[in-house]
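Take a look at the structure set out below.
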Amino acid sequence: MRVYFLSARRCALRINGAFAGYADGFPRFLDLSPRDLPFCEFLPVDSAFCPLRFVFTEEIAFRPPAGLSLCFLPDGVALYADKFLCADAAFRLLARREVAGGTMTVFSQSGVHYLWERTGEAKTGDLGEAFRGCGIAGCGGCVLLQGEGALCAIGGDGTPFFRGAAEQVVFDRSDGEEAGGTLRVVAPAGDFRGRKTALTFRCENGRADLQERTRSDAQPLPERFALCALLQALQQNEDEEAAELLSGDLLADLSALKDYFGAYTAVFPLPFTPFAAGMLRQKRPNVYEMKGYAAEMKEGRIQNIRRTF
């Protein structure tokens, strides 16, 4: 079986104790048989992170080990190491503040986490390395954790209502830090048109209500990404945007096109093939299946789509 190894961090790859090259964002493949029970190791080049070790068995297809995701491919499987524990397991206090009627603590212990304590209850959550230098603020009974280019906004019950990259964070506490306020977040939309999304929340008594969501104007779309943009539009029920990319029979029945593709979790361009896109379908937790499609273009619009694998 062809096994592709990818990693979110640059790692030395070792199989049965033998060095097998380096794994990073580019795939490295080996022919392995789960019947041989090969012992695989991702060894981060950055020694601040722990190695990820596992035995490659048939059971991995049903339950990958912690920190590993698996994707079925036409010619084998891909193993993606995306979560590495910090080697330093010592507890370190990074930030702490009495805020929003409780206490928020940001700490490091094999990763960066938060602890929210209020009225005899406590909740914890993961933050990520972007929050190692973290600011804490309150807005209408909610807690705002501001990291490097990232925001984690947490309601009074300890549950995040926004977590991710943030290019701009503005909050108005004219009614007082505890009484109420408005939070506005500008974040990358994550689409192929280079747009940004602006979200406006009304925060009051520890509850955040989304009041407005707007998107910036789209950037010019390179034709090679047309199929990717179409799949994103269908996934987000942006029918008008999808229609702008289609022609002929495909334009006549969008609902049939949605049924054809079904549900999927991610879209990405495929290299070496013009006007092609891949999609990931989740089969079970941390287990995915990849499918590929190619488009036929005419006058800047998609007139036909075929499955490639």
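The values are calculated or read from the model by the stated rules, or taken from the named source; none is laboratory data. As the structure is a computational prediction, the values presented were derived from the model and not from experiment. Reconstructed Cβ throughout: ideal geometry from the backbone, glycine too, with neighbour counts over all protein chains shown.
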Problem - Top-ranked residue of the range 252-267 - restricted to ones that are touching a residue at least 24 places away in the same chain (Cβ under 8 Å) and closer than 20 Å to PRO285 by Cα, ranked as farthest from the chain's Cα centre (by Cα) - result: TYR264
Practice task
Mind counting the residues in the range 36-58 that are outside any loop (DSSP other than H, G, I, E, B) and either surrounded by 17 or more Cβ atoms within 10 Å (Cβ to Cβ) or at pLDDT 95 or above (or both)?
Solution key: 12
Practice task
Return only the number of the condition from (1) among the aliphatic types (A, V, I, L, M); (2) more than 23 Å from GLY292 (Cα to Cα); (3) touching a residue at least 24 places away in the same chain (Cβ under 8 Å); (4) not assigned by TED's automatic domain parsing to the domain that holds GLY140 that ALA100 does not satisfy.
Solution key: (4)
Exercise for the section: Filter the range 105-139 down to residues that are under 20 Å from ALA208 (Cβ atoms), touching a Leu at 6+ places or on another chain (Cβ under 8 Å) and not in a strand (DSSP E or B), then give me how many there are. Expected result: 3
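A quick yes/no check of all residues on (1) more than 23 Å from the chain's Cα centre (by Cα); (2) under 15 Å from LEU6 (Cβ atoms); (3) not assigned by TED's automatic domain parsing to the domain that holds GLU148:
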site	(1), (2), (3)
LEU52	no, yes, yes
ARG63	no, no, yes
HIS113	no, no, no
THR124	no, no, no
Exercise for the section: Answer yes or no: is there a residue in the range 146-153 that is in contact (Cβ under 8 Å) with a residue 40 or more places away in the chain, out of contact with any Ser or Thr (no Cβ under 8 Å at 6 or more places or on another chain) and of a type in the set (Asp, Glu). Expected result: no
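Every residue in the range 145-165 that is over 14 Å from GLU204 (Cα atoms) and in a strand (DSSP E or B), please. Let's see the steps before the verdict.
Of all residues in the range 145-165, those over 14 Å from GLU204 (Cα atoms) come to 145-152, 158-160, 162-165.
LEU145, GLN146, GLY147, ALA150, LEU151, CYS152, PRO160, PHE162, ARG163, GLY164, ALA165 - these are the residues of the range 145-165 that are over 14 Å from GLU204 (Cα atoms) and in a strand (DSSP E or B).
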Practice task
Go through ASP157, ASP172 for me and flag whichever is over 21 Å from the mean Cα position of the chain (by Cα), within 27 Å of SER108 (Cα to Cα) and surrounded by fewer than 20 Cβ atoms within 10 Å (Cβ to Cβ).
Solution key: ASP157
Completion exercise
Residues of the range 109-141 being within 21 Å of ALA165 (Cα to Cα), hydroxyl-bearing (Ser, Thr, Tyr) and surrounded by fewer than 20 Cβ atoms within 10 Å (Cβ to Cβ), in sequence order, are THR124
Fill in the blank from the handout: For the range 295-309, the count of residues that are closer than 15 Å to ALA229 by Cα, surrounded by fewer than 17 Cβ atoms within 10 Å (Cβ to Cβ) and in contact (Cβ under 8 Å) with a residue 60 or more places away in the chain equals 1
Practice task
Tell me, please, whether a residue that is small (Gly, Ala, Ser), buried (at least 16 other Cβ atoms within 10 Å of the Cβ) and under 30 Å from ARG118 (Cβ atoms) can be found in the range 76-95.
Solution key: yes
Practice task
Quickly run through the range 240-251 and pick out the residues that are more than 24 Å from the chain's Cα centre (by Cα) and in a helix (DSSP H, G or I).
Solution key: GLU240, ALA243, GLY248, ASP249, LEU250, LEU251
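Tally time: how many residues in the range 93-104 are part of a strand (DSSP E or B) and either within 13 Å of ILE154 (Cβ to Cβ) or touching a helix residue (DSSP H, G or I) at 6+ places or on another chain (Cβ under 6 Å) (or both)?
Final tally of qualifying residues: 5.
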